[in-house]
1. Kirkwood-based Rg over Rh for the chain (C-alpha set), two decimals?
2. Under the Kirkwood approximation for Rh and a Cα-based Rg, what ratio Rg/Rh is obtained for segment 304-423?
3. Net charge near Gln416, counting Lys/Arg +1 and Asp/Glu -1 over other residues with Cβ under 14 Å of its Cβ?
4. For segment 373-494, with equal point scatterers placed on the C-alpha atoms only and solvent neglected, what are the log10 I(q)/I(0) values from the Debye formula at q = 0.11, 0.15, 0.21 1/Å, to two decimals?
5. Roughly how far apart, in whole Å, are the Cα centres of segment 339-380 and segment 114-129?
6. Which aspartates and glutamates have a Cα less than 12 Å from the Cα of Lys301, not counting those fewer than 8 places away in the same chain?
7. Helices from the chain with mean Kyte-Doolittle at least -1.0 and a Cα length along the axis of 15 Å or more, per DSSP H: which?
8. What shape does segment 376-444 have by the C-alpha gyration tensor, where a ≥ b ≥ c are the square roots of the eigenvalues, rounded means a/c under 1.5, and otherwise prolate means a/b greater than b/c and oblate the rest?
Amino acid sequence: MPPIVRRLCALATAGVTALALTGCLRTPAPLPTSTLTTPTANRVFTVMTAQPATTTDPAGVKNDSDSMVVLDLFQRLMLVQPSTQLLKPDLAKECLYTAPTVFECSLPKGLLFTSGHPLTSSDVKFSLLRALRLAPGQLSLLGALRTIETPDEYTVRFRLKYPDNQFGYGLAVPAASVVDEEAYDADKLRPVDQAPLGSGPYALDAWDNRGLTIVKYADYVGPLGTDMPKIRIQWADSPTAEEALTDQQADIVWRTLSPAAIDRLHAHIRDSEEKRVDPGFYRWRLPGAVLQRLVWLPTSKLRADAALRQAVAVALQADRTATSLLPTAIDGHTDSFSVGGDPKLPTMDPAITVTLRFTNSSPGMEDLARHVADRLQTGLGITVRLVTERETADLELRDSAPQVNTALGWLQDYLQNPLPGSADKLEALDERIRSSSKDDVQLPALSEIQKQAAVDATVVPIAEVDGVLFLRSKVELVGEALGPGWQLALWGAR
């Protein structure tokens, strides 16, 4: 067998680990728990989060709750465990590089959508081409794709422009989910009031303005089977989620807790441990899994002002704790943004008004947005107007998950919308990283991208923080329990 013909999972454990420039963040084992049990007969297993989902269409994913829903309702050809970056088949039976620029996946027979329609290679091709039209930014890791061939119902052959070590990861992101070709419009997103038709471990049971309910899909075939018959995902603010967790009326609380609520819950855990009693819940640690960052939106007319972009970056330097667009635990991290000190701030035209958008359903983001606005106004003498997530803006404060927990996955905010003067350079560096298997080629190119990001300042890092995930004491997450970029996925809930 030629060296290039190898199983994709082997690529992730052998020489191609370097190719992926993967992260080494690991989720520690949670605190010891009692025997696993399901919720009482009086209520459904309940997940609470503040960020409402907006869609069930993989091509319409906009936030982390959308990703959670799509990951649970649909399958993708590949699966990635974010802590190890191991690539494994999900929908696919296996995927092989059969030539340097040919990537081939085989499907098992007998796969069914919740519609009852069979899932074949034609559905895979349709889904990926549809997502590339409707949401190209979500599938940017498939940038080397030239064509998709389906020689038979159970084979999908991808021909690439160049050898690409990121391609398998691109097939694992939420937007790469496979939908029913017979039911989905090729050029329009599926409305929320139409049932999603996937083949994942869950199917949608109900959707209302307070949340949604998913149920186990009996005909699911794949590695992520669940024993949970029904799960309720409920939109809840921090006080509601905190009270539900302490009263053991919530089984999982994700993202929604404020910093003060987290401190109170930690204090309760410490006090309970000192008294040698069960605190009733524990925290599943996600160290450094969130990067807070400020992004200049490509639609902003002010984005072209290099002096303003640099001034914004410098104004945040004293408070910045993240030194790159890559978290420190990711292989290839290079310090590129200055932190601390007493930088000299330029005085900008006081007539400048910058609109800053933030996700108001994300814990602590409003406070952070107000702090950033204050720094820019007092430091630079400009006006900053705050708006929430659905309004037009120049800048956006983000803490959303990356597409996948690899170096290039984290860099997509920057690489997808390059400045005209940097575009050719970044494209060449990106291809150099993707097409090489050598550290002495990849790491310098990756470092150069991070340094150029600091020069361009279109995306500015602020801080690395831990993810917020609390579980009831008798609840566990097992197996591949999280999505490729640390998104919550519920197939591991027990």
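The values are calculated or read from the model by the stated rules, or taken from the named source; none is laboratory data. All figures in this text were calculated on a predicted structure; none of them were measured in a lab. Positions of Cβ are generated from backbone atoms using ideal geometry, with glycine treated the same way; all protein chains shown enter the neighbour counts. Calculation scope for accessible area: heavy atoms of the full protein, side chains included, ligands and nucleic acids excluded. Shrake-Rupley method; radii C 1.70, N 1.55, O 1.52, S 1.80 Å.
1. On the way: Rg = 22.6 Å, Rh = 23.5 Å.
Ratio value, two decimals: 0.96.
2. Values: Rg = 15.0 Å, Rh = 15.7 Å.
Answer for segment 304-423: 0.95.
3. For residues surrounding Gln416, the net value is -2.
4. One equal scatterer on each Cα of segment 373-494 leads to -0.58, -0.93, -1.23.
5. 46
6. Cross-link targets: Asp394.
7. On the way: long enough: 121-134 (20 Å, 0.37); 259-274 (23 Å, -0.85); 365-380 (22 Å, -0.39); 423-435 (18 Å, -0.92); 439-456 (25 Å, -0.27).
Helices passing the filter in the chain: 121-134, 259-274, 365-380, 423-435, 439-456.
8. Values: a/c = 2.78, a/b = 2.10, b/c = 1.33.
Since a/c reaches 1.5 and a/b is larger than b/c, the shape of segment 376-444 is classed as prolate.
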